[in-house]
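The values are calculated or read from the model by the stated rules, or taken from the named source; none is laboratory data. The model shown is predicted, which means the values in this text are computed figures rather than measured ones. Reconstructed Cβ throughout: ideal geometry from the backbone, glycine too, with neighbour counts over all protein chains shown.
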Amino acid sequence: MAGLFDKSEQKNRERVQPLAARMRPRSLDEFAGQQHFLAEGKLLRRLLKSNRISSLIFYGPPGTGKTTLAHLIARQTESKFFSLNAASCGVKDVRAVLQQADNELAASGRRTILFVDELHHFSKTQQDVLLPDLEKGTVIFIGATTDNPYFALVAPLLSRSQIFEFEPLSSTDLISQLHRAMSDSERGLQSTGVTVEDEAFEFLAKGADGDVRRALNALEVAVLSVTDLPVDEKVVSLEVAEESLQQKSIRYDRAGDEHYDAASALIKSIRGSDPDAAIYWMARMLDAGEPPRFIARRLMISASEDIGNADPHGLVIATAAAQSTEMVGMPECRIMLAQACTYLACAPKSNAAYVAINEALHDLKTQEVLPVPKHLKDRHYQGAKELGHGDDYQYPHNAETGWVDQDYLGVDRTYYRPTNRGYEAKILARLQALRNSTAEAEEKS
């Protein structure tokens with residue numbers, strides 16, 4: 001009777017769980033289709049088959065299966081399972097679980113999985129508490145985090161763990177999960193008799209941004225909202241789906257990898273002359289609360305690093321946008337930033353000035369520092385003339401062309417190599433003309 005009661009109680013608990021919890025995969029094979037690293041032949045799958053699981057870090061956005069996979073691993077390895085949330089537990093809680101795990105291992109030889117969700121909330125001290133038991137193998141540690149572990153976790157913990165990155169589910173995968181929920185009579189919503197239109201499925205899948213939990217819970221809200229209607233009106237339309245999906249909150253950590261990844265995507269889109277991609281990444285940063293001053297600084301840097309003298313106006317426009325941003329602020333400064341962003345993306349590109357300064361700095365660090373040629377030295381202080389400083393210097397403005405053939409470095413080196421793009425093509429032509437005239441003069445002499 002006790003067994004029957006337990007099963008009945010479990011079913012009652014499942015009925016009150018949200019749809020996303022009820023529809024969790026029940027086997028590794030069922031889960032494998034959601035994340036590539038669990039496919040047949042992959043490292044994690046091999047470790048599970050050989051029962052050689054050690055410490056794992058699951059890193060990825062919400063609703064991609066980190067907690068679910070931890071439970072499946074516990075079932076696969078027949079391990080005792082403890083779950084903590086780093087946002088609400090302390091060192092005392094961690095030590096208590098570790099002690100129980102040690103007792104369990106000594107008494108029965110059975111290993112324990114300690115799953116810590118939101119691991120990035122653990123302080124350095126709390127992370128350090130785990131290390132001795134991880135080293136001894138007392139527990140199989142599984143940590144889940146939405147933050148980049150290389151930013152959030154201490155090096156000793158990283159070195160003792162295998163890191164697996166979870167990817168957001170594609171819209172196609174999410175639509176498949178939604179159809180599965182609607183056709184499942186045991187755990188899903190088939191018994192409601194509700195029909196879901198294809199447009200509603202597509203909207204929920206796209207609006208969930210790869211978060212299967214969000215997609216399934218929104219589907220459940222939509223279905224329950226029409227369940228009590230007449231039979232011919234039990235339909236989840238696009239309009240019903242739109243009402244059921246909460247306004248999404250863009251995942252963005254201004255101190256972590258989301259910040260750096262978005263900034264990188266912005267600059268690389270400008271460099272690649274794609275104004276549409278550039279404006280999208282900038283919009284994402286602004287919408288997530290990125291300080292517009294930071295974006296303005298990045299645009300100024302790109303104006304010199306990626307556009308340079310191919311379009312000298314790029315730096316002027318980027319600087320004007322930065323100044324306008326300081327004076328106007330959000331939301332209006334988004335317009336100036338958008339103007340600068342799209343201008344830079346569409347401008348001809350050259351990194352010749354950027355390369356030139358880097359090569360010159362490299363030579364200063366790795367080669368003998370060149371002395372200033374005597375004819376270029378300052379002769380405006382007392383005694384300079386007696387030392388011969390500035391002797392034989394030729395003043396270019398006195399020449400008819402405004403240029404004279406004169407050595408300004410003391411060695412034959414070339415750092416600035418203009419491209420043949422945009423305004424820089426004119427610079428290239430002028431330099432070539434000057435060099436040709438020098439070569440002709442040498443031939444005549």
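Of the residues making up the stretch 106-134, those that are touching a helix residue (DSSP H, G or I) at 6+ places or on another chain (Cβ under 9 Å), farther than 26 Å from residue 168 by Cβ and not in a loop (DSSP other than H, G, I, E, B) are 112, 114, 125, 126, 127, 128, 129, 130, 131, 132, 133, 134.
State whether the residues of the stretch 91-105 include one that is more than 20 Å from residue 168 (Cβ to Cβ), touching a residue at least 24 places away in the same chain (Cβ under 8 Å) and in contact with a Pro (Cβ under 9 Å, 6 or more places away or on another chain). Before the answer, list the steps.
Just the residues of the stretch 91-105 that are more than 20 Å from residue 168 (Cβ to Cβ), to begin with: 91-105.
With touching a residue at least 24 places away in the same chain (Cβ under 8 Å) added as a condition, the list becomes 91, 94-95, 97-98, 101-102, 104-105.
Among the residues that remain, those that are also in contact with a Pro (Cβ under 9 Å, 6 or more places away or on another chain) are: 98.
Yes, the stretch 91-105 contains a residue that is more than 20 Å from residue 168 (Cβ to Cβ), touching a residue at least 24 places away in the same chain (Cβ under 8 Å) and in contact with a Pro (Cβ under 9 Å, 6 or more places away or on another chain).
Checking the stated criteria, residue 390 turns out not to satisfy the condition of being small (Gly, Ala, Ser), surrounded by 12 or more Cβ atoms within 10 Å (Cβ to Cβ) and under 51 Å from the mean Cα position of the chain (by Cα).
Yes/no per residue for (1) over 30 Å from residue 268 (Cα atoms); (2) not in a helix (DSSP H, G or I):
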site: 348; (1), (2): no, yes
site: 359; (1), (2): no, no
site: 371; (1), (2): yes, yes
site: 380; (1), (2): yes, yes
site: 392; (1), (2): yes, yes
site: 411; (1), (2): yes, yes
site: 415; (1), (2): no, yes
site: 435; (1), (2): yes, no
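In the stretch 32-46, how many are touching a residue at least 12 places away in the same chain (Cβ under 8 Å) and surrounded by fewer than 17 Cβ atoms within 10 Å (Cβ to Cβ)? Give the derivation first.
We begin by selecting, within the stretch 32-46, every residue touching a residue at least 12 places away in the same chain (Cβ under 8 Å); these are 32-38, 43-45.
Remaining after also requiring surrounded by fewer than 17 Cβ atoms within 10 Å (Cβ to Cβ): 33, 36-37, 43, 45.
The qualifying residues number 5.
Within the stretch 1-37, the only residue that satisfies the criterion of being among the aliphatic types (A, V, I, L, M), modelled with pLDDT of 85 or more and part of a loop (DSSP other than H, G, I, E, B) is 23.
Residue 237 - would you say it is in contact with a Gly (Cβ under 8 Å, 6 or more places away or on another chain), in contact (Cβ under 8 Å) with a residue 24 or more places away in the chain and among the small types (Gly, Ala, Ser)? Step through it out loud before you land on a result.
Details: in contact with a Gly (Cβ under 8 Å, 6 or more places away or on another chain): no; in contact (Cβ under 8 Å) with a residue 24 or more places away in the chain: yes; among the small types (Gly, Ala, Ser): yes.
No.
Output the residues belonging to the stretch 147-169 that are of a type in the set (S, T, N, Q), more than 13 Å from the chain's Cα centre (by Cα) and in a loop (DSSP other than H, G, I, E, B). Listed by number, the list holds a single entry, 161. Does residue 40 count as out of contact with any strand residue (DSSP E or B) (no Cβ under 6 Å at 6 or more places or on another chain) and part of a helix (DSSP H, G or I)? Here the answer is no, as residue 40 does not meet what is asked.
The residues listed here are 352, 310, 303; of these, the one that is outside the structural domain of residue 428 (by TED's automatic domain parsing), crowded, with 16+ Cβ neighbours inside 10 Å and under 23 Å from residue 261 (Cα atoms) is 303.
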